[in-house]
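Each remark here refers to the structure printed beneath this line.
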Amino acid sequence: MRQLTLFKTSRDEPPVTYMANFLSQQRADALLEHCLNLDWQQNQIKMLDKTLLVPRKETIYGDPGCDYLYSGSVHLSPKPWTEELQFLKEFIESLTGYKFHIVIGNLYRDGQDSIGWHSDSEPSMGLNPAIASVTLGATRKFSIRQKVKSEYRTRKTELHIENSHMWNQGNPQRDRPEATHYWLEHGSLLIMHPGCQEGWVHQVPKTKKPVGQRINLTFRPHLKGEP
Ligand SMILES: O=C(O)CCC(=O)C(=O)O
Ligand SMILES: [Fe+2]
């Protein structure tokens, strides 16, 4: 298959590529059905002396030994690839030229499930990782903006940024760069290119509008992955 040619983005444009009709309706429906039966769990994040439930369910599949730690406290250990997930991974690899070793799934049960502002910069992915994200089910808004200075310096997690009013003075939202929004649809692919995690943060905010369940699959590299 011909690979996507690399993607001109200017300094002020998010380094992402969005393909709305990546999967046919039929493939996307079948994959959603498959993914609803994966092994989902709701994890906990420890922050300061609090324990908070992650506001969505999660799962991880991938190469053996590719454990993933995020927010300093959520430890995910991959189950072996299912045939469907491995096929999808290889399809995206051949399209993009990027290599992936794990997939982390997010299950957003309704509009109250979300992921706050964050970047995915776990050292186990190596430097400047590309991440490919497939959406199944309900459409949700995905926002992306450039980092502010303080977000470059420390490895802030989604809950640190969301709760930054607890330790920042003033209004932390006031000086944030303007966000770009994408409506991620059933069967779509969003590629976050190298550099995206280093200079930008993204989120899927909560919404009061009635929305059905949505599954998001993020394919990621891992330093311990198979070559
Ligand atoms: O659900 C999405 O579209 C984004 C998920 C995400 O950012 C993540 O898993 O790190
Ligand atoms: Fe992310």
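If the condition is being part of a loop (DSSP other than H, G, I, E, B) and under 15 Å from the mean Cα position of the chain (by Cα), then segment 207-227 contributes Pro221, His222.
Is it the case that some residue within segment 136-152 is within 14 Å of ligand 1 (Cβ to nearest atom), hydroxyl-bearing (Ser, Thr, Tyr), under 25 Å from Asn21 (Cα atoms) and in contact (Cβ under 8 Å) with a residue 24 or more places away in the chain? Yes: segment 136-152 contains one or more residues that are within 14 Å of ligand 1 (Cβ to nearest atom), hydroxyl-bearing (Ser, Thr, Tyr), under 25 Å from Asn21 (Cα atoms) and in contact (Cβ under 8 Å) with a residue 24 or more places away in the chain. If I filter segment 83-94 for residues that are over 18 Å from Asn216 (Cα atoms), in a loop (DSSP other than H, G, I, E, B) and of a type in the set (S, T, N, Q), do I get at least one hit? No, because not a single residue in segment 83-94 is over 18 Å from Asn216 (Cα atoms), in a loop (DSSP other than H, G, I, E, B) and of a type in the set (S, T, N, Q). Of all the residues in segment 176-198, those that are closer than 22 Å to Phe100 by Cα and within 14 Å of ligand 2 (Cβ to nearest atom) number 8.
Residue-wise test of (1) surrounded by fewer than 21 Cβ atoms within 10 Å (Cβ to Cβ); (2) part of a loop (DSSP other than H, G, I, E, B); (3) within 16 Å of ligand 2 (Cβ to nearest atom); (4) free of Cβ contacts under 8 Å to residues at least 60 places away in the same chain.
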| residue | (1), (2), (3), (4) |
| --- | --- |
| Cys66 | no, yes, no, no |
| Trp81 | yes, yes, no, yes |
| Phe100 | no, yes, yes, no |
| Val103 | no, no, yes, no |
| Ser121 | yes, yes, yes, no |
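Of all residues in segment 140-176, those satisfying the criterion of being open to solvent by 20 Å² or more (accessible area, probe 1.4 Å), modelled with pLDDT of 85 or more and either in contact with an Asp or Glu (Cβ under 7 Å, 6 or more places away or on another chain) or not in a strand (DSSP E or B) (or both) are Lys147, Val148.
The values are calculated or read from the model by the stated rules, or taken from the named source; none is laboratory data. Treat the numbers as computed from the prediction; the structure is a model and nothing was measured. A quick note on method: Cβ atoms are made from the backbone with ideal geometry, for glycine too, and the neighbour counts reach across all protein chains shown. Accessible surface areas use protein heavy atoms only, side chains included; no ligands, DNA or RNA. Shrake-Rupley method; radii C 1.70, N 1.55, O 1.52, S 1.80 Å.
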